[in-house]
Amino acid sequence: MSDIATQLIADPNSFRFDWALDPAGPGLTEDEGLQTAVIISLFTDRRAEVADLPADATGHDRRGWWGDSFAEVEGDRIGSRLWLLAREKKTQATLLKARDFAKEALAWLLDDGIARGVIVATSWMPGRDGVMVMVVEISRAGKPVTKYQFEVFWKGN
């Protein structure tokens, strides 16, 4: 499996990533890993469930990708609900929700048989106020465990 590689240059204010250009010629750099798929899965906004919004929330944007309306598999969704936690307080409960949302976003790797296991761990970065660390480990048959670490800049208190 070949994938478009991404250069992890994060802008903490906009949460944007840049694409890596192939130094050998025109086009984007490719890799044999899952880096792009993991980034899209985690940092693209999945549509919020009705239960995710306050009971009095009328007219709130549930976000999500319009293409999910035309998914080949009924109910298939792209992205994560991590965006719902952006203003949550820095608590253990928030870390657990972030972990669960990340696992939900990466579950397709297991469902599609790409990975044998996905482990997600979250923690607050010591000494850096407002930064959550997310470590993702993906196990695939016949390949070493792939590990990604992301620093998520937190807006909450």
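Each reported figure results from applying straightforward, stated rules to the coordinates on display, with no laboratory input. Since the structure is predicted, the reported quantities are computational estimates derived from the model, not experimental observations. In this analysis, Cβ positions are derived from the backbone assuming ideal geometry, glycine residues included, and neighbour counts consider all displayed protein chains.
Listed from fewest to most Cβ neighbours within 10 Å, the set Ser123, Ser41 follows the order Ser123, Ser41. Here's the picture: a label point sits 7 Å out from the Cα of Lys90 along the beta-carbon direction, and within the stretch 115-150 the residues with their amide nitrogen under 18 Å of it are 122-135, 150.
May I ask you to derive the FRET efficiency for Phe153 and Asp76 from their Cβ-Cβ distance with R0 = 30 Å, giving the value to the nearest 0.05?
Using R0 = 30 Å, I get an efficiency of 0.55.
Given R0 = 22 Å, the distance between the Cβ atoms of Glu49 and Val133 translates into a calculated FRET efficiency of 0.25.
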